[in-house]
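This report refers to the structure that appears directly beneath it.
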Amino acid sequence: QVQLVESGGGLVQAGGSLRLSCAASGRTFSMYFMGWFRQAPGKEREYVARITGSGSITDYSDSVKGRFTISRDNAKNTVYLQMNSLKPEDTAVYYCAATNTDWTREKTRYASWGQGTQVTVSS
């Protein structure tokens, strides 16, 4: 398994942008599918985006498609989430997660999780 540490969260006004980073430990980072999830207060953790090990294929939830971009730099063992045109409903704790078994949106299939980073979007 990999160890994951997120950073880059903060407070931003609606319409603004943030870039989240997730640094991973280990020498086999490129073998992992990586995902971003988020959890708002009182709600279940939900899928946001995912990326293959090479970075060639990405996928997004309908709620963020066209506004968020997931990418990765395997030389730096880091995955990113560029968030543009932020809305108050994007307010949540954002988590990155890793799996080396499934190309999936299902959070229960991700074995490694970071501690999360808070994103707050004010109206």
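Which of Thr101, Thr69, Thr78 moves most in a GNM of the chain, Cα contacts under 10 Å?
Highest fluctuation of the listed residues: Thr101.
Springs between alpha-carbon atoms under 10 Å, Gaussian network over the chain: tell me which of Arg72, Arg38, Arg27 tops the mean-square fluctuations.
In the Gaussian network model the winner is Arg27.
What aspartates and glutamates sit close enough to Lys107 to cross-link, taking a C-alpha to C-alpha distance under 16 Å and skipping anything fewer than 8 places away on the same chain?
The reachable aspartates and glutamates, counting only those whose Cα sits under 16 Å from Lys107, are Glu44, Glu46, Asp59.
With a 1.4 Å probe and all protein chains in place, put Arg19, Arg50 in order of accessible area, largest first.
Arg19, Arg50
For the chain, what is the percent of antiparallel DSSP beta bridges, rounded to the nearest 5?
If we restrict to bridges inside the chain, about 90 percent are antiparallel.
With a bin width of 10 angstrom, please list the P(r) values of region 27-86 as percents of all Cα-Cα pairs, from the 0 bin to the one holding the largest distance.
P(r) over region 27-86, rounded to whole percents: 23, 49, 25, 4.
Quick one: among Ser63, Ser30, Ser71, which has the greatest mean-square fluctuation in a GNM of the chain with alpha-carbon springs under 10 angstrom?
Looking only at Ser63, Ser30, Ser71, the largest GNM fluctuation is found for Ser63.
How long are the semi-axes of the equivalent ellipsoid of region 60-123, taking √(5λ) for every eigenvalue λ of the Cα gyration tensor, in whole Å from largest down?
22, 14, 13
Amide H of Arg72: which non-local residues (sequence gap of 5 or more, or other chain) have their own amide H closer than 5 Å, using H built in the peptide plane?
Excluding prolines and chain starts, which carry no amide H, the hits are Tyr80.
Over all distinct alpha-carbon pairs, what is the Kirkwood Rh of region 1-51 in angstrom?
About 13.1 Å, per the Kirkwood formula over Cα pairs.
At Ser85 and Gln1, where each label point lies 7 Å from the Cα along Cα→Cβ, what is the point-to-point distance in nanometres?
Result: 3.7 nm between the two label points.
At 1.4 Å probe size, with every protein chain present, just tell me what the per residue accessible area of region 1-77 comes to in Å².
Dividing the accessible area of region 1-77 by its residue count gives 54 Å².
How large is ³J(HN,Hα) for each residue in region 7-23, as worked out from phi by the Karplus curve 6.51 cos²θ - 1.76 cosθ + 1.60 (θ = phi - 60°), to whole Hz, x for Gly and Pro?
Ordered by residue, 3J(HN,Hα) equals 7, x, x, x, 9, 9, 7, 4, x, x, 9, 9, 10, 8, 10, 9, 8 Hz.
Explain nothing, just the number: dipole magnitude of the chain about its Cα centre with +1 on each Lys and Arg Cβ and -1 on each Asp and Glu Cβ, in debye rounded to the nearest 20.
Magnitude of the dipole: close to 140 debye.
Over region 1-119, what is the relative contact order in percent, taking alpha-carbon pairs closer than 8 angstrom and at least six residues apart?
Across region 1-119, relative contact order equals 35 percent.
Could you give P(r) for the chain, binned at 10 Å from zero, as whole percent values over all Cα-Cα pairs?
Bins of 10 Å from zero give 15, 50, 30, 5, 0 percent of pairs.
The values are calculated or read from the model by the stated rules, or taken from the named source; none is laboratory data. Note that the structure is predicted; figures quoted are calculated from it, not measured. Note: ideal-geometry Cβ built from the backbone for every residue, glycine included; neighbour counts use all protein chains shown. Only protein heavy atoms, including side chains, enter the accessible area calculation; ligands, DNA and RNA are left aside. Shrake-Rupley method; radii C 1.70, N 1.55, O 1.52, S 1.80 Å.
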